[in-house]
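Have a look at the structure below, then the notes.
The values are calculated or read from the model by the stated rules, or taken from the named source; none is laboratory data. Since the model is a prediction, treat every value here as computed from it, not as a measurement. Glycine gets a Cβ as well: all are built from the backbone with ideal geometry, and neighbour counts include every protein chain shown. SASA here: full protein model, heavy atoms, side chains in, ligands and nucleic acids out. Shrake-Rupley method; radii C 1.70, N 1.55, O 1.52, S 1.80 Å.
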Amino acid sequence: MQSFQPPRRILMGPGPSDVSPRVLAALARPTIGHLDPEFQKLMEEIKAAMSRLFNAPDHACVPLPAPGTAGMEAAIMNLLEPGDRAVIAINGAFGGRMADMADRAGAEVTKVEFEWGQPVDPVKVEEAMKGGPVKVLAFVHAETSTGARSDAAALCALARKYGALSVVDCVTSLGGIVVDVAAWDADVVYSGTQKCLSAPPGLSPIALSKRAQAAITGRKTKVRNWLLDFNLLMSYWGGEGGRTYHHTAPINALYGLHESLVALFEEGQQAVLVRHARTHESLAAGIEAAGLKFLVDEPHRLPQLNAVIVPDGVDEAAVRSYVLAKWDLELGAGLGPLKGKVWRIGLMGASATPWHVRLCLSALCEALEAQGFKTDAKAVLAAADAKLA
Ligand SMILES: *Cc1c(COP(=O)(O)O)cnc(C)c1O
C-alpha cells in the first residue's frame with residue numbers, strides 16, 4: 001500500500017464543497033480522549049454554536065456521528081412508531097428517502113408528490129393533513145436534487161395547525177439561506193457538514209424541540225435503532241458533566257466542525273448569506289449570457305444549488321468529464337428523472353466565491369465549445385462580473 005494523495009479538485013457539485021485550509025488544519029490536530037474535560041468543553045461550544053446557527057435556543061442541539069442521512073434517520077426513527085401516520089412531501093430525491101424511512105419505521109405514510117424542480121405546495125399538503133390525526137409532517141427545505149426552495153415557515157405552521165410534529169431537512173439550506181427554527185416553530189431540523197458548512201462529510205447537526213423530546217420520551221415502543229436513539233444519545237451529549245459512554249464521538253471530525261463554525265461566525269451569519277446570494281446572482285447572469293436555462297423558476301431557486309438544463313445536442317456527462325480533466329472542477333449530475341438532463345452547480349460554503357463562479361463559467365464555456373455549442377466566453381464573464389461590481 002501507499003499513502004493516498006488526493007488530486008487537486010475544485011468542488012462545485014451538490015456536496016461535498018471545498019474545505020478551507022483552516023478547517024483541514026483543525027482536523028489534523030492531536031486526538032484526545034472523548035471524555036477529556038477539554039473535549040467536553042468543545043462539545044458544549046459546538047452545541048451552543050449549533051443552537052445559534054439554527055436559531056434554536058429552546059431546542060436540544062447535537063451533532064450526530066454520521067452524515068446528513070443520519071439526521072434524517074434520527075428524526076424519522078425517533079418520532080415515528082408503528083401505526084403512526086406521517087405526511088411526507090416529495091419534490092425530489094431526498095423527500096423520497098424520508099418516505100422510505102418512515103415506511104421502515106412502520107408508519108402509515110401519505111406521500112404528497114410534486115414535479116421535480118417545483119417547490120412543495122402547502123395547499124396540496126394541507127389536503128393530505130385533513131384525513132385524520134398526523135404524527136409527523138416531513139419535508140425538505142432545500143431540495144439538493146433539483147435546486148428548489150420550499151416555504152419552511154408555511155409548512156411548519158401547517159404542522160402546528162394539525163397538531164403534527166414538523167421534520168425539516170436543512171442539509172443544504174443551513175449556512176446558505178435563512179434557517180430560523182424559532183421563527184418557524186419547527187420540531188426536528190437536521191443538516192450535514194459538507195454542504196454550506198464546508199467541513200468534510202460525516203456529521204449531522206440536529207435540533208429537537210421540547211415537543212419532539214416529549215414525544216420521544218413518551219414512546220410506547222423502543223426506538224428501533226440504537227445509535228440514533230435520542231434518549232440514549234442525550235446521556236452522552238446532554239448537560240455538562242456526568243457524561244456516560246454511549247459511543248466514541250468522532251473527535252477530529254468535531255474539531256473540523258468547530259473550526260468551520262468559528263469561521264462562519266467570524267464572517268458573520270448575515271454576511272455568509274449575502275455572499276451566497278451574490279455569487280448565485282453572478283453565476284446566474286453568466287449562465288443566461290451563455291444561452292443556458294435554469295430548471296427552477298427564479299422565485300424558488302436556491303443560491304447554493306443551481307440546476308442548469310443541458311441544451312439539445314450536448315452530452316451532459318461529457319461536459320462534466322471535460323471540466324474535471326481540464327480544470328480539476330467537479331460539477332454534479334442530475335439524479336432520477338433529471339439524469340442526463342441537468343448539471344448541478346453548487347455554490348456552497350467555501351465554494352461560494354467570485355473566483356469559483358468565474359472558473360466554473362470559463363470551464364463550462366470551453367466544454368460547451370468542444371461540443372459545438374457556441375458561447376461568447378468573454379461576454380459570459382462580463383455578465384457575471386457585472387453582478388459583483
Ligand atoms: C446531501 C443531502 C442529504 C444527505 O446527506 P448525506 O450527508 O449525503 O448523508 C439529505 N438531504 C439533503 C437535502 C441533502 O442535500
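In table form, for the structure just shown:
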| quantity | calculated |
| --- | --- |
| Residues of the range 297-336 with amide N under 18 Å of a point placed 7 Å along Cα→Cβ from E369 | 314-315, 319-329 |
| Separation of the D58 and A382 label points, Cα + 7 Å toward Cβ, nm | 5.5 |
| Additional length obtainable on full extension of the chain from A214 to D185, 0.36 nm per residue less Cα span | 8.9 nm |
| Normalised per residue, the volume of the convex hull around the Cα set of the chain (Å³) | 143 |
| Measure of compaction for the range 269-386 (Cα Rg per 2.2 N^0.38 Å) | 0.99 |
| The chain - mean residue ellipticity at 222 nm from DSSP helices (-39,500 (n - 2.57) per run, n ≥ 4, rounded to 500) | -13000 deg cm²/dmol |
| Per DSSP, loop trypsin sites (Lys or Arg not before Pro) in the range 1-105 with at most 11 further Cβ within 10 Å | R8 |
| DSSP-assigned coil residues among chymotrypsin sites (Phe, Trp or Tyr not before Pro) in the range 263-353, each with at most 14 further Cβ atoms within 10 Å | none |
| The range 66-131: chymotrypsin sites (Phe, Trp or Tyr not before Pro) in DSSP loop, at most 13 other beta carbons within 10 Å | none |
| Cα-based reach from K293 at 29 Å (exclusive), listing lysines while leaving out same-chain residues under 8 positions away | K124, K195, K326, K339, K341, K374, K378, K387 |
| Degrees, to the nearest 10: 251-267 long Cα axis against longest axis of the chain | 60 |
| Accessible solvent surface per residue of the chain, calculated while the other protein chains remain in place, 1.4 angstrom probe, Å² | 41 |
| Fraction of accessible area attributable to carbon and sulfur, the chain (%, probe 1.4 Å) | 55 |
| Whole-Å semi-axes of the range 13-142's equivalent ellipsoid (Cα gyration tensor) | 34, 18, 14 |
| Paramagnetic reach from L24 in the range 173-197 [backbone N under 19 Å; point 7 Å along Cα→Cβ] | 193-197 |
| Karplus 3J(HN,Hα) series, Hz, for the range 57-70 with 6.51 cos²θ - 1.76 cosθ + 1.60 (x for Gly, Pro) | x, 9, 9, 7, 10, 9, x, 6, x, 6, x, x, 4, 5 |
| Computed FRET value (nearest 0.05) for K130 with V262, which takes r as the C-beta separation and R₀ as 51 Å | 0.65 |
